[in-house]
Structures are given as structure tokens and as C-alpha cells.
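The values are calculated or read from the model by the stated rules, or taken from the named source; none is laboratory data. Quick caveat, the model's predicted, so the values are computed rather than measured. Neighbour counts are summed over all protein chains in view; Cβ atoms, including those assigned to glycine, are modelled from backbone coordinates with ideal geometry.
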Amino acid sequence: MLEVTGLQKIYRDREREVEAVRDLTFQLTEGELACLVGPSGCGKTTLLKCIAGLMEPTSGTVELAGRSVTGPPPDMAVVFQEYGRSLFPWLTVQGNIELPLKEKKLPKKRRGELVAESLEAVGLSGSARAYPWQLSGGMQQRVAIARAIAYEPRVLLMDEPFAAVDAQTRADLEDLIRDLWNRFDMTVLFVTHDIDEAVYLGQRVLVLSSSPTVVQDDVSINLPSVRDQLTTRSDARFTELRTRIYSEIQNAKHTSAAAK
Amino acid sequence: MTAYTTRSAGFARKAVGRIAAWFLLPLLLVLLWWASSLSSGNYYMTPPNEIATTFGEVWTAEAVSTDVLPSVARLLSGFAIAAVLGTVLGMALGLSPRLRALTEPVLEFFRAIPPPVLVPLLMLLIGVNTSMKLAVIISGCVWPILLNTIEGVRAVDPVLTDTCRCYGIRGRRWLTTLVLRSASPQIMAGLRQGLSIAIILMVISEMFASNSGLGYAIQEFQRSFAIPEMWTGIVLLGLLGVVLSVLFGLVERRVLAWYHGMRAAHRAG
Ligand SMILES: Nc1ncnc2c1ncn2[C@@H]1O[C@H](COP(=O)(O)OP(=O)(O)OP(=O)(O)O)[C@@H](O)[C@H]1O
Ligand SMILES: [Mg+2]
């Protein structure tokens, strides 16, 4: 479904060059839910933008359903890390969610249903008429998530979408994502810096090294597919997996420190 | 309940206070003017009471319809044309770096020319008529609109641009929902500057060559030493400016409600 091959991205400006990612290769199969963890600044956002066709890689390729990604593919939704800035401040919450649906030429009635459903799902039914700047950071983030799910994408990319919400909301949203992913046939790539979250959510966790970035490890999460905040997180396998990933990341730091 | 009434009473007091503050300075200035015109006895400094009485005599319904309304109509149409021209060109230039690089030197050149010096030239080229007056108004007030629009369009948040790209928002919807709206604070600032330039140029265009209009009337009064009448013209011009500015403010409050709300929210947070 999604194939990333030898992806390298070097940011260039007049004074300097930053090699954000060096050599990334991995595949996602259709309908997979994969999490991407890695230290801050290792190029997670860069990778996501390349996959979303918003940015051209310096070398390497991204292929989606057999086709090379050169621009934003249809049926793909992205929840940006800068959630607050990704909402249109001159549109209400409803307007923000509806805008992509209008472009999809959905009839008004269907748009209304999708807006209501997605807001309900993120627990913001009462805020449809509010403007984004009237909401807290966590609420804005949930609006961005609602907009993405109302779009009914086949591929959903999320860049640290729960960074600004409290622990309880975060747990609810994690369950929401798993639920949506179960209900609709979506391929989800979820970026987080929270190892527990990655293990809880994913079928698979890709661990990125620190810069120069490569895929450090690809961990398959063999937890039962029905997950629950209490039982899953206290499962022995859960603890084992998170310990493994944690030490991988520590390793990554040391190797890159040694390389320097 | 009591809390509510005291709050609304406080609100009313604030409103009254604001209105009083609004009128305080004008009132003081009028008094100052009065005192100095009485004490100096200068022929050219008509006391305010005389200006007030003359005002009614000069600006009769007929004078208003022959001199004021055509002026205002020219002002507004010139401004409207400049607004459309400036916004449309500004969006095109703001969106295209190549177009910008190509036109930048020319824009700087024309912008540096004070519009009044164009009046004689435009008179020769177009003749002494309404088109020429419109051309004067447009040639002056299009620049702040154009330049502000360019800046506004260039400052569109890249995250919003990416959001639009990823959700496939393009074409007209992209232009109106993303580009125009996000540049609207700068566009409005440009329009406001343009409006005050338009008033100045309306008067100047009528002073050079005209046989009607507010600017013409003021100049005629001055030439025939009808000093109180001249003053009424100046007062009328000032009032026109105030009214237009208030109207503009009302439109702006509506158009930029989101912007002011957002700024207030950021200040509070
Ligand atoms: N537009 C840019 N121009 C130059 N360098 C950039 C740009 N964007 C990112 N970088 C650099 O590329 C590297 C990777 O950045 P990126 O934002 O992809 O990291 P990240 O893994 O998403 O970090 P975080 O977890 O903090 O969000 C960083 O060193 C960053 O400074
Ligand atoms: Mg990032």
C-alpha cells in the first residue's frame, strides 16, 4: 500500500544544509495501523510531509498503491503537528470541518451528518459554532482530528495529534482512533514521541534513530486486537514491548553520539 | 441579578464615558478656535458661530446635490475601482514571485510619483472630465491597496497552505477561503489608507480643473474672499472624512470580526 524507499531529505538554504532524514525504507500494508516514534528533531514531520506529497524528497521514493507520490494524493488526510495553525481562524469549527467536504462535492445533508458525527466522536458536539481561537489547545487539536476523520480518508497521517490534550482525553482519543480504524478500512500512520502510546495504538511500531535518521527498528506489536486502557497497559507483553522500544531509542542516541 | 445590573450600569457608564471622550477634544478645539478668533479679530479666522450659521446658508439641498453628491460619487467610484484593481492585482503579484520580480522596479517608480503631479498630465491625456478625476483618484489610492494586498498574500500561513493542498482545496475556493481571507487584515489596512488618499485626491482633482464639486467650491470661495463660506467647505470636507471613516470602521468590524477576536484571545491567553 505505502512504500517508502531510500528516502532522504536535505534542507538547504543559503548558509547551511540540514540532513533531516538520511535513508528510510519501510512498507505499510493496506489497512495497517503503524506508529512512528523517534527523538525530537529526528525528522518525523519531514517524513510525513514527504509521504503526504507536500514536500519533495532529496532522493528516494514514496509510492502509494503502486503510484509514485508527487503531490498530495486524494483520499489522504493529515493532522498537522501545528494543529492550531492548521485551522482557519475565519471559519467556525463547523466551517473548518465542512470545507474539505465541500471540495469533495458532498451534498449538504451528508456534510451535516459527517460534521455532527465527527464532532460527537471527539467530544465537541457543543462547539460547532465556535471559532477555533475560542477553544483551548486541546480542543483545537480535536477539531483538527474531527476534520480529518470527517473526510473519510483511506490513509490517515497524524503528527503528534494528542500533544496538547490532558491524560484522560488522550486515552479517549487513543481509543477513538483504534475504533475508527477498526470500523473504516483506513491505513494509519501515527507519529508520537510517547512510547506507551505507540505500543498501545499500533500493530507495529517503527523506531527512528536520531539524526542522521534511519529506521532503527521495526517492532510488531503482538497484543490482542481488542485493546483496553486498563488491561492492555498492564499486560506483561505491553511492558516488555515498551521496555524494548525504550532501550532501542537509548541505543540510538548512544550510537549517534558515538558516530559524532 | 444585582451583579448583572451593576455590570450593565457599569457598561452604560463606560459607553457614556467613551462618547464624552470622543467629543471632548473637538469641543475644546472649537472653544480654542473661538477664543483666538475673537481675540485676534483676524479677517481670515471666522469665529465658529459664524461658520455654523453660514453653513446652513451655503450648503442648501441644491448646493449639496450639485457640488457635494457628484464629488462623493466620484470619490466612492474611484475608490471602489482602485479597491478591485488593487486587490486583484495584489493577489496576482503576491502569489507569483516571478510576476513580482518582473514588476517590482516599475511599481516602485510609479509609487514614488506623488499623484497630484499627474493631474496636469492626465488633463492633457484624458481631458477635463469625470474620467480624468477618477483617474487621479485611482492612480493615488491604488498603491496602498496593492502593496498591502501583496504583503498579506505573501504572509499566508504555510501550515494553512499545506492544509489546503492536502485536502485538495484549490481554484476559486482556495482563492476566496484561503488567500483572500487570510490577507484580509492587510487588505483592509490598505483600503483604509487608500480611502483617505482618495478624499485628498478628490479635492485636488476638482481644484485643478473643474466647474463643480466640493474642491471647486472651496477654491471659488477662497478666490472671491468669501472666507466664512470657505470655512464651511473645509468643515464639510472634514465631516465627510469622519463619516466615511466611521462607515469604513463598521464594515471592517464585520469583515475582520474573526481577526479582532483572535487577537483579543491571544492577548488574554
Ligand atoms: N523547513 C526547514 N528548513 C530547514 N531545516 C528544517 C526545516 N524543517 C525541519 N528542519 C530540520 O530538520 C530536522 C527534522 O525536523 P522535523 O520537524 O522533521 O523533526 P521531528 O522529528 O518532527 O521533530 P519533533 O518531534 O520535535 O516534531 C530538524 O533538525 C529540523 O531543524
Ligand atoms: Mg514534528
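Of the set (1) buried (at least 23 other Cβ atoms within 10 Å of the Cβ); (2) modelled with pLDDT under 95; (3) more than 16 Å from ligand 2 (Cβ to nearest atom); (4) within 14 Å of chain B (Cβ to nearest Cβ), all apply to A:Arg147 but (2). Return yes or no: is A:Arg110 under 24 Å from B:Gly168 (Cβ atoms) and modelled with pLDDT under 95? No: the conditions fail for A:Arg110.
If you check B:Leu118, B:Leu89, B:Leu124, B:Leu102, which single one turns out to be at negative phi and modelled with pLDDT of 95 or more?
After applying the criteria, what remains is B:Leu89.
The criterion of at least 1 residues that are in contact (Cβ under 8 Å) with a residue 24 or more places away in the chain and among the aromatic types (Phe, Trp, Tyr) is met, among strands (runs of 3 or more DSSP E) falling completely within the stretch A:141-260, by A:187-191. Selection over the stretch A:1-33 of residues that are among the hydrophobic types (A, V, I, L, M, F, W, C) and touching an Asp or Glu at 6+ places or on another chain (Cβ under 9 Å) gives a count of 7. Taken residue by residue, the stretch A:78-97 has at least one member that is of a type in the set (S, T, N, Q), more than 16 Å from ligand 1 (Cβ to nearest atom), part of a loop (DSSP other than H, G, I, E, B) and within 14 Å of another protein chain (Cβ to nearest Cβ).
Yes or no, residue by residue, for (1) away from chain A (no Cβ under 14 Å); (2) buried (at least 17 other Cβ atoms within 10 Å of the Cβ):
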{"residue": "B:Glu229", "(1), (2)": "yes, yes"}
{"residue": "B:Leu239", "(1), (2)": "yes, no"}
{"residue": "B:Val242", "(1), (2)": "yes, no"}
{"residue": "B:Phe248", "(1), (2)": "yes, no"}
{"residue": "B:Trp258", "(1), (2)": "no, yes"}
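For the stretch A:105-138, the set of residues classified as outside any helix (DSSP H, G or I) and either within 21 Å of the chain's Cα centre (by Cα) or not hydrophobic (A, V, I, L, M, F, W, C) (or both) consists of A:Lys105, A:Pro107, A:Val122, A:Gly123, A:Leu124, A:Arg129, A:Tyr131, A:Ser136, listed by residue number. Looking across the stretch A:44-75, the residues that are charged (D, E, K, R) and away from ligand 1 (no atom under 12 Å from the Cβ) come down to A:Glu56, A:Glu63, A:Arg67, A:Asp75.
Among the candidates A:Glu98, A:Glu63, the residue that is outside the structural domain of A:Gly126 (by TED's automatic domain parsing), away from ligand 2 (no atom under 16 Å from the Cβ) and among the charged types (D, E, K, R) is uniquely A:Glu63. Just checking, does the stretch B:166-174 include any residue being among the aromatic types (Phe, Trp, Tyr), surrounded by 17 or more Cβ atoms within 10 Å (Cβ to Cβ) and outside any helix (DSSP H, G or I)? Yes, the stretch B:166-174 contains at least one residue that is among the aromatic types (Phe, Trp, Tyr), surrounded by 17 or more Cβ atoms within 10 Å (Cβ to Cβ) and outside any helix (DSSP H, G or I).
The condition of being of a type in the set (D, E, K, R), closer than 30 Å to A:Ser220 by Cα and either away from ligand 1 (no atom under 16 Å from the Cβ) or not assigned by TED's automatic domain parsing to the domain that holds A:Leu173 (or both) does not hold for A:Asp23. For the stretch A:38-60, a residue qualifies if it is part of a helix (DSSP H, G or I) and within 11 Å of ligand 2 (Cβ to nearest atom), and the qualifying residues are A:Lys44, A:Thr45, A:Thr46, A:Leu47, A:Leu48, A:Lys49. Has the stretch A:44-54 got at least one residue that is away from every other protein chain (no Cβ under 14 Å), among the aliphatic types (A, V, I, L, M) and either surrounded by 23 or more Cβ atoms within 10 Å (Cβ to Cβ) or touching a helix residue (DSSP H, G or I) at 6+ places or on another chain (Cβ under 7 Å) (or both)? Checking the stretch A:44-54: at least one residue is away from every other protein chain (no Cβ under 14 Å), among the aliphatic types (A, V, I, L, M) and either surrounded by 23 or more Cβ atoms within 10 Å (Cβ to Cβ) or touching a helix residue (DSSP H, G or I) at 6+ places or on another chain (Cβ under 7 Å) (or both). Selection of first residues in the stretch A:32-60 that are under 20 Å from A:Ile177 (Cα atoms) and of second residues that are of a type in the set (Lys, Arg) and surrounded by 22 or more Cβ atoms within 10 Å (Cβ to Cβ), restricted to Cβ pairs under 8 Å at least 6 apart or on distinct chains, gives the following pairs, ordered by first then second residue: A:Leu36/A:Lys44.
Conditions (1) within 13 Å of ligand 1 (Cβ to nearest atom); (2) basic (Lys, Arg); (3) at pLDDT 90 or above; (4) more than 22 Å from A:Gly123 (Cα to Cα), marked per residue:
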site: A:Asp175; (1), (2), (3), (4): no, no, yes, no
site: A:Asp185; (1), (2), (3), (4): no, no, no, yes
site: A:Leu201; (1), (2), (3), (4): no, no, yes, no
site: A:Ser209; (1), (2), (3), (4): yes, no, no, yes
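Screening A:Asp175, A:Asp194 for residues that are within 16 Å of ligand 2 (Cβ to nearest atom) and within 29 Å of A:Leu64 (Cβ to Cβ) leaves exactly one candidate, A:Asp194.
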